[in-house]
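One structure is given here, and the rest of the page talks about it.
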Amino acid sequence: MADYVALNIGKPSAGGQMRSLPRRSVWRWWNQLSRFQRNLICMISAITMVTIIYYWSLLSEPLIDIDQNVEHLPHQQQKKLHQQNVNKIIEVGHVAVSDQPQINAPLSQDLQKPPQQNLQEKDNKVEVQIEGEESRRKDLAEKEDVEDIQKGKPEELIGQVVPPDQVKVKVVFPPPSNEKQEAVVAAFKHAWKGYRTYAWGHDHLKPISGGYHDWFGLGLTIIDALDTIYIMGLKEEFKEAKSWVESSLKFNTYNDVNLFEVTIRVLGGLLSAYHLSGEEIFLEKALDLGERLLPCFTKSPSGIPYSDVNLASQTAHSPKWSPDSSTSEVTTLQLEFRDLSRCTHDKKFEESAFKVSKHVHELPKTDGLVPIFINPNTGWFHSYTDIKLGARGDSYYEYLLKQWIQTGKTIDFLKNDYLEAIEGIKKWLVRRTPKSNLLFIGELKGGTKDFVPKMDHLVCYLPGTLALGYHHGLPEHHLKLAEELMETCYQTYAQRPSFLAPEITFFRFQHDVAAKDDMYVKSNDAHNLLRPEFIESLWYMYQITGNTTYQDWGWSIFKAFEKFTKVDNGYTSIGNVNTRYVDETRPRDMMESFFLSETLKYLYLLFSDDRELLDIDKYVINSEAHPLPIYTS
Ligand code: DMJ
């Protein structure tokens with residue numbers, strides 16, 4: 001058997017160049033190979049192909065989303081997701097872009113070709129330009145059936161930033177009226193200084209490491225804090241923040257963002273800053289953002305919005321881990337989108353968002369209570385999910401009431417659904433503890449009627465909302481319920497050695513002779529993220545009842561924030577409230593934007609000598625503490 005193969009590869013041509021191998025010679029060559037040699041060549045080719053396909057698929061795999069909604073995931077998962085994302089973001093000037101922009105965001109079927117990004121130096125700033133973005137946006141707009149929702153608008157005003165007659169723009173606030181308010185302003189300035197020094201233009205400050213965290217890459221803290229700065233009368237800070245919005249806030253970044261979070265924080269923040277200051281730049285930015293968020297609604301077959309959208313490509317989609325949207329998220333957009341429509345004379349924002357409320361109104365519920373997930377493709381609730389007033393359920397109830405108020409109490413189904421839900425809460429979710437008779441709100445587990453005695457700190461927004469409803473003419477027993485809940489929420493703070501509430505508290509509701517306390521905290525739930533909900537309720541309750549005990553409670557909590565969460569460069573969330581020692585709090589090195597937008601704003605308002613510093617008959621306050629005007633219809 002020959003141990004070599006003679007190859008007939010043709011002779012050199014006259015010009016000295018090798019002629020190309022004729023097809024017949026290749027065939028002949030192949031036939032001359034032994035079976036072993038042919039098998040060997042086939043195997044090598046197959047391995048090469050598989051390797052190429054494997055690496056190609058790795059390159060095409062989308063990066064994980066920026067931390068959207070991670071606050072509701074188990075802590076370990078949050079940490080993992082967060083770390084992956086932080087690693088995948090490179091900061092380029094003021095714009096946060098992924099290190100692999102061409103594969104960061106998933107593309108819809110019709111937009112499979114990744115856009116080419118060019119980083120261009122312009123006026124010393126780096127801008128991300130997306131090739132073909134304009135025409136893509138135009139295509140998208142043309143495909144949308146927007147004619148219907150635009151019927152009846154005053155053509156000459158559509159899309160213009162002209163405020164309607166009912167909207168009063170530019171409000172003047174008095175300076176701090178006492179030492180407590182001054183202390184809150186000092187706290188704000190301390191937090192702002194840290195943010196300004198270490199995280200300017202980024203979403204959140206990491207006050208211990210002196211770094212920053214980007215979630216959507218939109219400078220969340222600046223926008224969320226604008227109206228707090230304005231209300232506190234901090235002129236220099238406002239000027240600087242406004243100039244950042246003017247020059248550096250760009251929405252054409254190829255980032256996937258969460259519709260709800262960006263609506264309540266950024267759209268709400270911009271609109272509120274516009275209404276208070278009268279500066280049109282805020283409305284211009286709000287309009288640009290509103291257009292980019294709209295595909296979440298218009299691309300959905302049911303009108304229930306997808307949870308996420310890419311601000312540049314305007315591709316809307318569900319989160320990676322589920323086909324569903326959260327019920328509270330899809331029903332907590334309407335105040336902002338309505339206000340945007342009223343200010344721009346373009347009805348499409350209001351109509352898209354309000355269609356969701358009308359749709360949810362028609363769905364079957366448990367005595368007005370809703371499951372926490374809803375599917376945008378079918379438009380139905382995911383009925384095997386929890387019913388709760390905490391994460392993913394909370395602000396559905398809040399926005400029923402607040403939309404009713406925003407529209408001059410003219411839309412009855414909003415009020416009726418709210419009233420029915422409060423009765424549902426009393427029937428299914430309210431229980432009392434055996435020893436101190438504390439009233440608390442639990443949850444119904446996964447589509448059953450099984451009661452879980454667990455209350456998120458988020459639920460402590462409810463007393464404030466109940467009091468607001470009472471103020472606007474709803475039954476007095478709502479206020480009674482609010483008062484009892486206030487006591488319970490207060491105890492979640494007062495019974496911790498740090499005087500700070502944990503993220504989640506469990507309650508006992510059956511007699512247990514062995515049990516020492518009525519409430520307990522699991523070690524995984526013992527963190528405090530500087531959340532505002534109880535302070536928000538304290539402000540509503542004080543303003544509506546005049547009871548100064550609520551101010552006293554607020555002051556005790558403020559002092560606890562000062563003692564346990566204040567660090568050299570700002571304020572930090574902590575991992576453990578079950579301690580009286582500062583060095584045992586396990587600081588988490590994170591200051592979320594809502595600390596400036598909500599917690600400090602509500603504290604400032606709570607301590608004001610003028611109970612009506614922010615008038616709840618003129619403003620309705622969104623879920624992120626941004627005041628928006630009340631309309632007559
Ligand atoms: C804020 O972003 C908003 O208040 C939201 O509605 C719930 N979570 C945070 C604050 O805890």
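The values are calculated or read from the model by the stated rules, or taken from the named source; none is laboratory data. Just so it is clear, the model here is predicted, and its values are computed rather than measured. So basically every Cβ, Gly included, is an ideal-geometry build from the backbone, and we count neighbours across all protein chains shown. Surface accessibility is based on the protein's heavy atoms, side chains included, excluding ligands, DNA and RNA. Shrake-Rupley method; radii C 1.70, N 1.55, O 1.52, S 1.80 Å.
Restricting the stretch 572-598 to residues that are away from the ligand (no atom under 14 Å from the Cβ) and outside any loop (DSSP other than H, G, I, E, B), which is surrounded by the most Cβ atoms within 10 Å (Cβ to Cβ)? Applying the filter and picking the extreme gives Ile574. Do we find that Glu261 is away from the ligand (no atom under 16 Å from the Cβ) and part of a helix (DSSP H, G or I) in this structure? Criteria not met by Glu261.
To keep it simple, each residue is scored yes or no on (1) closer than 19 Å to Leu218 by Cβ; (2) open to solvent by less than 10 Å² (accessible area, probe 1.4 Å); (3) touching a helix residue (DSSP H, G or I) at 6+ places or on another chain (Cβ under 9 Å).
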residue: Tyr306; (1), (2), (3): yes, no, yes
residue: Thr332; (1), (2), (3): yes, yes, yes
residue: Ser341; (1), (2), (3): no, yes, yes
residue: Phe349; (1), (2), (3): yes, yes, yes
residue: Phe354; (1), (2), (3): no, no, yes
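Against the numbered list (1) of a type outside the set (S, T, N, Q); (2) more than 21 Å from Gly278 (Cβ to Cβ); (3) within 16 Å of the ligand (Cβ to nearest atom), Lys601 comes up short only at (2). Where strands (runs of 3 or more DSSP E) sit wholly within the stretch 381-460, those with at least 3 residues that are within 30 Å of Pro323 (Cβ to Cβ) occupy 454-456. So is Asp308 farther than 23 Å from Ser328 by Cα, among the charged types (D, E, K, R) and within 17 Å of the chain's Cα centre (by Cα) or not? It is false that Asp308 is farther than 23 Å from Ser328 by Cα, among the charged types (D, E, K, R) and within 17 Å of the chain's Cα centre (by Cα).
What's the total number of residues in the stretch 310-337 that are in a helix (DSSP H, G or I) and out of contact with any Phe, Trp or Tyr (no Cβ under 7 Å at 6 or more places or on another chain)? Within the stretch 310-337, residues that are in a helix (DSSP H, G or I) and out of contact with any Phe, Trp or Tyr (no Cβ under 7 Å at 6 or more places or on another chain) number 2.
Checked against (1) touching a helix residue (DSSP H, G or I) at 6+ places or on another chain (Cβ under 7 Å); (2) assigned to a helix (DSSP H, G or I); (3) open to solvent by less than 30 Å² (accessible area, probe 1.4 Å), Phe561 meets all criteria but (1). For the stretch 524-554, the tally of residues that are in a helix (DSSP H, G or I) and touching a residue at least 12 places away in the same chain (Cβ under 8 Å) stands at 19. So which of Ile504, Ile425 ends up being within 16 Å of the ligand (Cβ to nearest atom), aliphatic (A, V, I, L, M) and either open to solvent by less than 30 Å² (accessible area, probe 1.4 Å) or on the phi < 0 side of the Ramachandran plot (or both)? Unique residue meeting the criteria: Ile504. Checked against the criterion of being modelled with pLDDT of 95 or more, away from the ligand (no atom under 16 Å from the Cβ) and among the charged types (D, E, K, R), the candidates Asp512, Asp609, Asp517 yield just one match: Asp609. Name the residue, out of Phe260, Phe251, Phe282, that is within 21 Å of Leu333 (Cβ to Cβ), surrounded by fewer than 20 Cβ atoms within 10 Å (Cβ to Cβ) and touching a helix residue (DSSP H, G or I) at 6+ places or on another chain (Cβ under 6 Å). It is Phe251. Note on the stretch 488-511: residues that are out of contact with any Cys (no Cβ under 9 Å at 6 or more places or on another chain) and in a loop (DSSP other than H, G, I, E, B) total 12. For the structure I just gave you, tell me whether Val620 is without any contact (Cβ under 8 Å) to a residue 24 or more places away in the chain and either of a type outside the set (Asp, Glu) or buried (at least 24 other Cβ atoms within 10 Å of the Cβ) (or both). In short, no.
How about the stretch 529-563: which of its residues are away from the ligand (no atom under 16 Å from the Cβ) and charged (D, E, K, R)? Hits for the stretch 529-563 are Asp552, Lys559, Glu562, Lys563.
When residues of the stretch 419-451 are filtered for being within 26 Å of Asp517 (Cα to Cα) and free of Cβ contacts under 8 Å to residues at least 60 places away in the same chain, how many remain? Residues flagged as within 26 Å of Asp517 (Cα to Cα) and free of Cβ contacts under 8 Å to residues at least 60 places away in the same chain within the stretch 419-451 amount to 11. Evaluate the following for Ala187: is it modelled with pLDDT of 95 or more, touching a Gly at 6+ places or on another chain (Cβ under 9 Å) and buried (at least 18 other Cβ atoms within 10 Å of the Cβ)? Answer is no for this residue.
Within the stretch 520-561, being farther than 15 Å from Leu500 by Cα and of a type in the set (S, T, N, Q) holds for Asn524, Ser537, Gln543, Thr545, Asn547, Thr548, Thr549, Gln551. For the stretch 613-630, filtering for residues that are more than 16 Å from the ligand (Cβ to nearest atom) and either under 19 Å from Asp224 (Cβ atoms) or part of a strand (DSSP E or B) (or both) leaves 3. Take Glu246 and decide whether it is more than 26 Å from Leu603 (Cβ to Cβ), open to solvent by 20 Å² or more (accessible area, probe 1.4 Å) and among the charged types (D, E, K, R). In short, yes.
For the stretch 264-300, a residue qualifies if it is of a type in the set (Gly, Ala, Ser), assigned to a helix (DSSP H, G or I) and away from the ligand (no atom under 16 Å from the Cβ), and the qualifying residues are Ala273, Ser277, Ala286, Gly290. Within the stretch 438-474, being farther than 27 Å from Ile405 by Cβ, surrounded by 17 or more Cβ atoms within 10 Å (Cβ to Cβ) and among the aliphatic types (A, V, I, L, M) holds for Leu438, Leu444.
In the stretch 238-256, is there at least one residue being within 13 Å of the ligand (Cβ to nearest atom) and closer than 20 Å to Ala316 by Cα? No, the stretch 238-256 has no match at all. In contact with a Phe, Trp or Tyr (Cβ under 7 Å, 6 or more places away or on another chain) and either at pLDDT 95 or above or not in a loop (DSSP other than H, G, I, E, B) (or both): does that describe Gly464? When the stated conditions are applied, Gly464 passes them.
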